[in-house]
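*Asks:* Have a look at the structure that comes next, please.
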Amino acid sequence: MHQRGFSLLEILVAFSIMALSLGVLMEIFADAARNADLARNQMRAVALARSLLAQTALDATLTPGEHAGTNGQLRWRLRVAPHDGAGMMGPGPLLDAWSIHVSVGWGEPADAAARSVALDTLRIRPRAPP
């Protein structure tokens, strides 16, 4: 008498294939979630860096120095320094050039997975009267 259905071996093979496929799919979804988290943190860091650059560049009294702080999970460092004029024609006798650098990082600083973004700008300002 011939019986219809699956043998135990066929069911074990089918479950093995399904388990491997689910493992691969879970890894793909986990990578996508990590990439989305990285992209979100990077967008927040760039937005903060641009905001700090804009605030500093609009400041009427640029003074050399460094400032640092935190904004939630983001750490930022801002450096303002007179620009040496290398690679450009001098700004002129009535103008000063200022270099503004902002770096924003996230993650644990000692962690190899810590990430950061950095933005730089050059600001030309009228020279303060003597």
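The numbers here are math on the coordinates, done by the rules we state, and not lab data. Treat the numbers as computed from the prediction; the structure is a model and nothing was measured. Neighbour counts are summed over all protein chains in view; Cβ atoms, including those assigned to glycine, are modelled from backbone coordinates with ideal geometry.
*Asks:* What residue among A97, A14, A49 has the largest mean-square fluctuation in a Gaussian network model of the chain, using Cα springs under 10 Å?
*Replies:* It is A14.
*Asks:* Here's a follow-up. Counting Lys +1, Arg +1, Asp -1, Glu -1, what net charge surrounds R44 among other residues with beta carbon under 15 Å of its beta carbon? All intermediate terms of the calculation are to be shown ahead of the outcome.
*Replies:* Working: positive: R40, R50, R75, R115; negative: D37.
My count for the surroundings of R44 gives +3.
*Asks:* Taking the chain as the reference, fit the longest principal axis to its C-alpha atoms, fit the long axis of helix 8-58 to the helix C-alpha atoms, and give the angle between the two in degrees, 0 to 90, nearest 10.
*Replies:* Between helix and principal axis, roughly 10 degrees.
*Asks:* With +1 on each Lys and Arg Cβ and -1 on each Asp and Glu Cβ, how big is the dipole of the chain about its Cα centre, in debye rounded to the nearest 20?
*Replies:* Details: 12 positive and 11 negative charges, 70 e Å.
Result for the chain is approximately 340 debye, rounded to the nearest 20.
*Asks:* Could I ask something else about it? Quick one: what do you get for region 8-126 if you divide its Cα Rg by 2.2 N^0.38 Å? Each step should come with its number before you reach the end.
*Replies:* Working: Rg = 24.1 Å, N = 119, 2.2 N^0.38 = 13.5 Å.
In units of the 2.2 N^0.38 Å rule of thumb, it is 1.78.
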